[in-house]
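Before any comments, here is the structure.
The values are calculated or read from the model by the stated rules, or taken from the named source; none is laboratory data. The shown structure was predicted, so the numbers you read here are calculated from the model rather than taken from an experiment. In this analysis, Cβ positions are derived from the backbone assuming ideal geometry, glycine residues included, and neighbour counts consider all displayed protein chains.
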Amino acid sequence: MSDISRDLAKILAFSNAIASATDKYVLGAIIGEQLNDLFGIYEYCIYINSRDGRWSWPYIFDVDTQIARQPEFQSWIDAPNDLNDDLHRYVKSAQDVILLDLEGYLSLPGTAQYRQMLESIGVKGWGCHTIRLADEQVAFLTFHHTQIEEMKPRLGLFKSICSQLGITASNLLSRDELEQREREKTILLSLSTEIASLKIRDDLFQVVNAKIKDIFSVTQFGIVKVDEDGKTHSAFMMDLGLSKSYQAEYERIAALKYSIHDSVFQKIIDAQETVVINVEEVSAEPNCSEYVGFWKRAGFVSLVCFPLRMGDETIGAILMNRGKKPFKSSETHLLKGICAQLSVAVSNILANEKVMRQLAEINQYKQQLEDEKVYLQEEIKTASNTTDFIGASPEVKKVMRLVGTVGPTDSTVLLLGETGTGKELVARAIHNNSSRKNKLMVKINCAALPPTMIESELFGHERGSFTGAHERRIGKFELAHGGTLFLDEVGEMPLDMQAKLLRVLQEKEIERLGGKTTIKVDVRIIAATNRDLEKEMAEGRFRSDLFYRLNIFPIHLPPLRTRQEDIPMLVNYFIGKFAKKTGMKVEGATNNVMLEMKRYSWPGNVRELEHLIERSVLLESGPIIKQIHLPTPKTAINGDGEPIFRLVTIEENERQHIFDTLNYCSGRITGVGGAAEILGLPASTLHSKMKKLGIRRTHVK
Ligand SMILES: Nc1ncnc2c1ncn2[C@@H]1O[C@H](COP(=O)(O)OP(=O)(O)OP(=O)(O)O)[C@@H](O)[C@H]1O
């Protein structure tokens, strides 16, 4: 038999042998046996190149060799070979079979590490041959051998057999790919039914965490989304499996937004398919975002990223860490399919979240309107807030000037003055002079509430936050959102509440009693008091930090007794107002009445005057008020008819005035003609004032 026909017979026998193989591992063993018989090849491996020509993987090999029994074998098989490293560039460029003795092989780049192992198992040399199909390098075969010289004359046969192997490997690969596609289809089908209808992040997280991490052997993953502004991206969901020491930093980093043109995200936008982010490299780029530094500290080396797209628009990306293991093209194909589904799921969830947010906002507006309605209805019942501020004295003109100046600003205003001097009226004038005038001015009287209620009144409470809290209730701060909060009698606020109020003024957010979240509030503050706050501060009853917060723009309202020239104007104004209200035909007052009123000390200031006129209008039968029933005068008249003031404190004045009024009403506090009505105070306020001033009903005659 000639050499040619002998070789042909061997090729034929080889073909028959490998044709009988039932799977890749049997095939691996048969090829090993044949190569050993024919060429003394001791151990071999067929590497398949990835379609993009960047990597190659061990594909067919004999698992029953000494090398395969080495403990590191599995990691060699799993690790891809970079086709662009020096060793592989050398292999790719070879025109013919490479045959090297062991020294020659070990001098190639990256091979020296195998010396000990190869020598210990008696390897004498190494060879390699590129396998081509239709001129394309699709694979290569490497081998170790023990009889290099014997092989040299048989290279022709070796190359023919390599061609055979090329066809076999390619068929096998096609079959594998087909099977892979089937597997992908099954995975995609099961995923699509699971994630298509998801509306909540947590649910998607469960699926991604359970399936995708498993399918791609991923240790950590994250999904980021492009924000609504289209300019930034932020975390959508993450499972970084970080140790506790990184948690706090992670939470800070994950709460921020980053430019979509940063060193990582720009690459994802530009990528057609997977993009591998080398953490070290991107951290050196000028447009690197802060989170990359965090990745470095957390020990991430490289991340595989894939854009999430809806049409041409990038809506986010998935980032995965699986160490140094790159994606095979088959995996990329599957990832692409999964990412198409993820894109739909992420965009559905984002749309759903937006709808939920809008619904919550609508409900909040609805609730706010409802609360405002209730508040306004109560106000209408009690308030006389449409009165003009009457007066032409220089003191009143100064007040009006200050109102005009501070009104349009957002500054905090502190109104100081005795009771009844018009502090609330001025507060309303300031509010009406501001851009907040179409929102509410909400009033809270700090003196009228038991200390335990002030907190819930100001900040609201959640249902069940304390005994009696049957319903959720929003506080005055929330009610005044966008408008003004008028803190009347702020000097009466208990010290612990002052601290809480101060915190809200500083942070501009509140927490409802029993609530878990903070609520941002945009509220302008106007505070009022008839106390001397500086004295209160000196005596430790008022916090100095709160005082300085409130005392930004103080306005002093003068007592009525220091601006007697305003009295006729006020008297005429109130006569007109009450005549109209009651239908009485009263038009004015006699000079005597005016004089009497000018001489009076008006401890209750304009409020007292107002009530006195109301009573006088009702009691007057003619068109002119001829008689006025002033309470027991606190003043004596000197020879010139001028009042001589008895020097008393405001508190004494107040005590006496309440006492006189109670006498006048025969001790009746509530109801029509009761002391509370005459003094223009809610009965509860009068009660607390009486308690504070030590007045008992039994004292009244
Ligand atoms: N200059 C004024 N012109 C017209 N009405 C006035 C004027 N000043 C006060 N009033 C009236 O007097 C009454 C008391 O005024 P207001 O409630 O504003 O006083 P206050 O200083 O806030 O009192 P308190 O300290 O007791 O709360 C109100 O009915 C108000 O309309």
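Which fully enclosed strands (runs of 3 or more DSSP E) of region 522-638 have 2 or more residues being modelled with pLDDT of 95 or more and within 26 Å of I430 (Cβ to Cβ)?
The qualifying strands (runs of 3 or more DSSP E) are 524-529, 553-556.
Within region 408-436, count every residue that is more than 10 Å from the ligand (Cβ to nearest atom), touching a strand residue (DSSP E or B) at 6+ places or on another chain (Cβ under 9 Å) and of a type outside the set (A, V, I, L, M).
Within region 408-436, residues that are more than 10 Å from the ligand (Cβ to nearest atom), touching a strand residue (DSSP E or B) at 6+ places or on another chain (Cβ under 9 Å) and of a type outside the set (A, V, I, L, M) number 8.
Among the residues of region 522-536, write down those that are within 24 Å of T409 (Cβ to Cβ) and crowded, with 20+ Cβ neighbours inside 10 Å.
Scanning region 522-536 gives V523, R524, I525, I526, A527, A528, T529, L533.
Could you list, in sequence order, all residues of region 580-624 that are small (G, A, S), in contact with a Phe, Trp or Tyr (Cβ under 9 Å, 6 or more places away or on another chain) and under 14 Å from P559 (Cα atoms)?
S601
Inside region 493-518, can you point out the residues that are out of contact with any helix residue (DSSP H, G or I) (no Cβ under 9 Å at 6 or more places or on another chain) and in a helix (DSSP H, G or I)?
Listed by number, the residues that qualify are L495, R503, E507.
L550 - would you say it is hydrophobic (A, V, I, L, M, F, W, C), within 16 Å of the ligand (Cβ to nearest atom), surrounded by 15 or more Cβ atoms within 10 Å (Cβ to Cβ) and assigned by TED's automatic domain parsing to the domain that holds A448?
Spelling it out, L550 is indeed hydrophobic (A, V, I, L, M, F, W, C), within 16 Å of the ligand (Cβ to nearest atom), surrounded by 15 or more Cβ atoms within 10 Å (Cβ to Cβ) and assigned by TED's automatic domain parsing to the domain that holds A448.
Kindly evaluate L172 against the criterion of being assigned to a helix (DSSP H, G or I), in the same structural domain as L12 (by TED's automatic domain parsing) and aliphatic (A, V, I, L, M).
So L172 fits the description; yes.
Does E507 satisfy the criteria of being on the phi < 0 side of the Ramachandran plot, loosely packed, with under 14 Cβ neighbours inside 10 Å and under 29 Å from the mean Cα position of the chain (by Cα)?
Here the answer is yes, as E507 does meet what is asked.
Check off (1) within 16 Å of the ligand (Cβ to nearest atom); (2) surrounded by fewer than 22 Cβ atoms within 10 Å (Cβ to Cβ); (3) more than 17 Å from K580 (Cβ to Cβ); (4) not small (G, A, S) for V593 and give me the number that stays unchecked.
Only one criterion in (1) within 16 Å of the ligand (Cβ to nearest atom); (2) surrounded by fewer than 22 Cβ atoms within 10 Å (Cβ to Cβ); (3) more than 17 Å from K580 (Cβ to Cβ); (4) not small (G, A, S) is unmet by V593, namely (1).
Within region 216-262, take every residue that is among the aromatic types (F, W, Y) and not in a loop (DSSP other than H, G, I, E, B) and give me the one that is farthest from I200 (Cα to Cα). If you could, list the steps in order and put the result at the bottom.
Step one: filter region 216-262 for residues among the aromatic types (F, W, Y), giving 216, 221, 236, 246, 250, 258.
In the following step, the residues that additionally are not in a loop (DSSP other than H, G, I, E, B) were identified as 221, 236, 246, 250, 258.
Numbers: F221: 18, F236: 11, Y246: 26, Y250: 22, Y258: 24 Å.
Applying the filter and picking the extreme gives Y246.
Being of a type outside the set (S, T, N, Q) and closer than 22 Å to I318 by Cα: is that true of D203 here? Walk me through how you get there before you give the answer.
On the way: of a type outside the set (S, T, N, Q): yes; closer than 22 Å to I318 by Cα: yes.
When the stated conditions are applied, D203 passes them.
Can you tell me how many residues within region 263-308 are in contact (Cβ under 8 Å) with a residue 24 or more places away in the chain, outside any strand (DSSP E or B) and polar (S, T, N, Q)?
Of the residues in region 263-308, 4 are in contact (Cβ under 8 Å) with a residue 24 or more places away in the chain, outside any strand (DSSP E or B) and polar (S, T, N, Q).
Only residues that are of a type in the set (S, T, N, Q) and over 18 Å from T484 (Cα atoms): list them for region 431-455, please.
Hit for region 431-455 is T452, nothing else.
Looking at (1) modelled with pLDDT of 80 or more; (2) within 26 Å of A13 (Cβ to Cβ), which one does E136 not meet, given that it meets all the others?
E136 satisfies every listed condition except (2).
Return only the number of the condition from (1) more than 56 Å from the chain's Cα centre (by Cα); (2) under 21 Å from R175 (Cβ atoms) that W55 does not satisfy.
Answer for W55: the failing condition is (1).
From L189, L165, grab the single residue that is modelled with pLDDT under 85, among the aliphatic types (A, V, I, L, M) and buried (at least 19 other Cβ atoms within 10 Å of the Cβ). Talk me through it step by step, then tell me what you get.
Details: L189 fails: buried (at least 19 other Cβ atoms within 10 Å of the Cβ).
Checking each option against the conditions leaves just L165.
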